[in-house]
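First up is the structure itself, then whatever we jot down about it.
The values are calculated or read from the model by the stated rules, or taken from the named source; none is laboratory data. Here the structure is a predicted model, which is why all the values come from computation and not from measurement. As a convention, Cβ positions derive from the backbone with ideal geometry for all residues, glycine included, and neighbour counts pool all protein chains shown. Heavy atoms of the whole protein, side chains included, go into the accessibility calculation; ligands, DNA and RNA do not. Shrake-Rupley method; radii C 1.70, N 1.55, O 1.52, S 1.80 Å.
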Amino acid sequence: MSQNDQRNTLVITRREGEIVVIGDENMPMGEIEIVEIQGGRVRVAFRFPDHIRIMRKEIADNWSAKKGNT
């Protein structure tokens, strides 16, 4: 991660059931909710409009690599 990326990164602690709002607080773009924490795993719910693509990083990297090879 470059220094520029770190400047735009927010690192916070959340508990089960807590929500982070993305975008304008009066008209948010979406929400991220911590659904469950069990052992070393966290279940996260992303609530965004359909036109915003959400995927795991390893899937995005794989998809991007395949797209670049075609």
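Would you please list the contacts, defined by Cβ atoms under 9 Å and residues six or more apart or on different chains, that run from a residue in the stretch 51-63 that is in a loop (DSSP other than H, G, I, E, B) to a residue that is open to solvent by 80 Å² or more (accessible area, probe 1.4 Å)?
Ile52/Met29; Ile52/Phe46; Ile54/Phe46; Met55/Trp63
I need the full set of residues from the stretch 48-62 which are of a type outside the set (Phe, Trp, Tyr), open to solvent by less than 80 Å² (accessible area, probe 1.4 Å) and closer than 19 Å to Met27 by Cα, in order please.
Pro49, Ile52
List every residue pair whose Cβ atoms sit under 8 Å apart, with the two residues 6 or more apart in sequence or on different chains, where the first one lies in the stretch 24-35 and is over 18 Å from Ile52 (Cα atoms) and among the hydrophobic types (A, V, I, L, M, F, W, C) and the second, anywhere, is in a strand (DSSP E or B) and open to solvent by 40 Å² or more (accessible area, probe 1.4 Å).
Ile34/Ile19; Ile34/Val42; Ile34/Arg43; Ile34/Val44; Val35/Arg43; Val35/Val44
Filter the stretch 15-44 for residues that are out of contact with any strand residue (DSSP E or B) (no Cβ under 9 Å at 6 or more places or on another chain) and outside any strand (DSSP E or B) and give the result.
First, pick out the residues of the stretch 15-44 that are out of contact with any strand residue (DSSP E or B) (no Cβ under 9 Å at 6 or more places or on another chain): 24-27, 38-41.
Matches in the stretch 15-44: Glu25, Asn26, Gly39, Gly40.
Quick check on my filter: what residues within the stretch 30-45 are modelled with pLDDT of 95 or more and open to solvent by 80 Å² or more (accessible area, probe 1.4 Å)?
Gln38, Arg41, Val42, Arg43
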